[in-house]
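Notes for the one structure printed next.
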Amino acid sequence: MDLGLRDAKPSMTTETPATGSINNSLGSSLHTKIVLLIMAIALVSIVVLAAISIENGQQILKKDVGQRLNVIASDRMQAIKSVWNLRLEQADVLASDPKVQTFLASIYAPTSGAKDAAVQAISEFDRLTRTKDTTYLAVRIADAGGNILVSTEKSGNEKAALSQEMIRRASIAPFYTITFDKELQIALLETVAPVHRPADSGSAPIGFVSIVREPQTANSILTNKLFLGDTGELYLVSENGLMITDSRFASDARYRQTIEAPPVQQCFDNGADVVGALYTNYRGATVFGASNCDKNLGAVLVSEVERDEMFSPLRVLQYEFLSIAGVIIAAAGASAFFLSQSILKPLQRLRMTMRKVQAGDFEKVDIARRDEIGELAASFNAMVEEIGIKTKKIHLKNDILSFMASRLEVQADELKKIDREKEEYASVVAHELKTFLVPIIGYSELLLDGTFGKLEQIQKEKVLIMLERAWSLLYLTQNVLDARLLETKALKMNIAKEPVSAMTLLKECKERALPLARSRNLKIVVTGDVNDDNDNHDDGAKQLMLYCDSQKVLQVLDNLVNNAIKATSPGSKNGAIRLRAEKMYGDEVLFSVKDSGRGIPPEMQPHLLRKFYELDKSLTRQAGGSGLGLAISRGIVEAHGGRIWFDSIPDVGSSFYFTIPMTPDTKANPNKIL
């Protein structure tokens, strides 16, 4: 393959100026292409800046529309209140009527004809008001306790009394509020004014005048959609979230539509206005809204306009920008096409060739150019040739390694088979031994207890030796069986459904270890913050309970106590094995087994928890064992989600600790392989 470089290389030694001119032209060609690419990037930057400008415009528009909607809501609310203030003046005038005052005063000092005069006065007011005010419903006179004494309401619709809140507010000053009549299913505007004794307006009210109307005035004012465009609307919402004025778009929304928009929630939760918020309204349309809140009135005025209409001024700008962007994109497309033809096409061919090389076909690329891409192709071809040579060598070595690996696999399988046979044999032997050991231990204990007759001292000593060896062999067989179960992932933790007392576990361990301890003239002492030496329980002791597999935890305690007894010299002055249980921080129970034996040499401590590891490996060792007890104990503790550790000082003694969670650990691995 000829890339045009073979003829150029000899000239590098004789025609240096020509070589230099070639390099300059090559650099100039790529430089022009890079400039074009930068221009395209600049155009993209312009588009991004334009998008940011539009986004800022949207934010400004939101702020402006929010303020405008808030002003509209405030103006309309003030117009409504102006009309309702006139209604309040009517109630105040009626409350100042001498006939009404005399009637209410007669409650405390009876006056002949006072009630008839009062009824005549409110009847005349009712007649005149109904002819001029279509929203008027009724007028009521109540005593100081709010009980209705006289009312022009139709029979069956009379209200029993004014609420305590109305009485409290009216005692201070006349007021009006929005209420909802559940029977009539309509909103009511209720104006309440206090009635004082004649010529004594500074005294406490002797009663109240209440005038009830429909809030139709608000509905009339809010039907004016000036400045709200095609999608804007205004509506009044009561304190119970019900729309109490007509909707511009839903004819049946009044008294039926519940409003849960942010302006309503903000008003009745925090008593605040909303200046501008984007939300989905009761029609399911996305709108931008504001509100004017009056908690004393018990209503909030909501003004809103649909988002699409609010952002319509920006659409014209967006369409113009899209036209300009289209021209820019077309120009960028033409530039990209030129770049793809001059740069990307050779690179694509190089990429396809690289894929073939990855697949194992060491084919060279055919690109005849006198620029940087041509030099890249030449370097690639040299690399492919070198890779091909090295690949052949690697294949040869791989064949050798595959042959060796196959032999190792065969040998590994044979070793695994031998190991399985060894484990199975040990398991069978251990199981058979356990079958014979149980009656030996039982009859030995019966002999010591005197069940079969009193034994001489020498006889007791021999039986104790036999019992000690039997217990040791039983521990050994149990450990071999458990090691097999752990190895095959068959050892399960049977967590009890009811909690187990930590002190019960310690006492049971003590009872099980007493024969072995007595044979060596040693004591077993149970201590801790859950009990004392005299076995006196308190309320705190009864509360140290834990969920665990009690038999497995006892097995751990048995292993540790058995090791402690073996490590302690028989009949020593301080010869005692101390068991303790206490609560740790984090809802864990800490168990400890301490002895005053020979201790563990520092160089052996890192290996102590491994399987089949023994401190004394000599044939003349005094304490027997298989080296499995601590390894199995570690597996049981970790399967419960706990930890096991120890500290030891040679010729002083050793202390073994392990923790068990008070509640089951669901993340623990009950089949942990040691």
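Listed values, structure above:
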| quantity | calculated |
| --- | --- |
| Residue that is nearest to the chain's Cα centre (by Cα) [pool: residues in segment 102-128 that are of a type in the set (S, T, N, Q) and part of a loop (DSSP other than H, G, I, E, B)] | 106 |
| Strands (runs of 3 or more DSSP E) contained in segment 129-190 and holding at least 1 residues under 52 Å from the mean Cα position of the chain (by Cα) and not aromatic (Phe, Trp, Tyr) | 175-181 |
| Close pairs (8 angstrom Cβ cut-off, 6 or more residues apart or separate chains): in the same structural domain as residue 499 (by TED's automatic domain parsing) and farther than 14 Å from residue 492 by Cβ in segment 544-556, among the small types (Gly, Ala, Ser) and surrounded by 18 or more Cβ atoms within 10 Å (Cβ to Cβ) anywhere | 544/501; 544/502; 544/581; 545/501; 545/502; 546/502; 556/633 |
| Complete set of residues in segment 110-143 that are among the acidic types (Asp, Glu) and within 24 Å of residue 163 (Cβ to Cβ) | 126, 143 |
| Test result for residue 171, under 28 Å from residue 237 (Cα atoms) and not assigned by TED's automatic domain parsing to the domain that holds residue 236 | no |
| Of all residues in segment 577-606 being assigned to a loop (DSSP other than H, G, I, E, B) and more than 43 Å from the chain's Cα centre (by Cα), the one that is farthest from residue 650 (Cα to Cα) | 595 |
| Long-range neighbours under 6 Å by Cβ, at least six apart or interchain, first residue part of a strand (DSSP E or B) within segment 503-526, second at pLDDT 90 or above | 524/510; 524/577; 525/578; 526/506; 526/510; 526/579 |
| Segment 448-468 residues that are assigned by TED's automatic domain parsing to the domain that holds residue 438 and assigned to a loop (DSSP other than H, G, I, E, B), paired with ones that are surrounded by 13 or more Cβ atoms within 10 Å (Cβ to Cβ) and among the aliphatic types (A, V, I, L, M) (beta carbon under 8 Å, 6 or more apart) | 455/447; 455/448; 455/463 |
| Any hit, segment 22-36, residues being of a type in the set (D, E, K, R), at pLDDT below 75 and not in a helix (DSSP H, G or I) | no |
| Check on residue 320, over 30 Å from residue 246 (Cα atoms) and among the acidic types (Asp, Glu) | yes |
| Yes/no for residue 290 being more than 35 Å from the chain's Cα centre (by Cα) and small (Gly, Ala, Ser) | no |
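This table checks each residue for (1) polar (S, T, N, Q); (2) in the same structural domain as residue 186 (by TED's automatic domain parsing); (3) surrounded by 17 or more Cβ atoms within 10 Å (Cβ to Cβ).
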{"position": "105", "(1), (2), (3)": "no, yes, yes"}
{"position": "110", "(1), (2), (3)": "no, yes, no"}
{"position": "114", "(1), (2), (3)": "no, yes, yes"}
{"position": "120", "(1), (2), (3)": "yes, yes, no"}
{"position": "129", "(1), (2), (3)": "yes, yes, yes"}
{"position": "134", "(1), (2), (3)": "yes, yes, no"}
{"position": "137", "(1), (2), (3)": "no, yes, yes"}
{"position": "140", "(1), (2), (3)": "no, yes, yes"}
{"position": "145", "(1), (2), (3)": "no, yes, no"}
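Let's see how each residue does on (1) surrounded by fewer than 18 Cβ atoms within 10 Å (Cβ to Cβ); (2) over 30 Å from residue 639 (Cα atoms):
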{"position": "430", "(1), (2)": "no, no"}
{"position": "438", "(1), (2)": "yes, no"}
{"position": "452", "(1), (2)": "yes, yes"}
{"position": "458", "(1), (2)": "yes, yes"}
{"position": "464", "(1), (2)": "no, yes"}
{"position": "478", "(1), (2)": "no, no"}
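The values are calculated or read from the model by the stated rules, or taken from the named source; none is laboratory data. Predicted model, so just to flag it, every value in this text is computed and none were measured. So basically every Cβ, Gly included, is an ideal-geometry build from the backbone, and we count neighbours across all protein chains shown.
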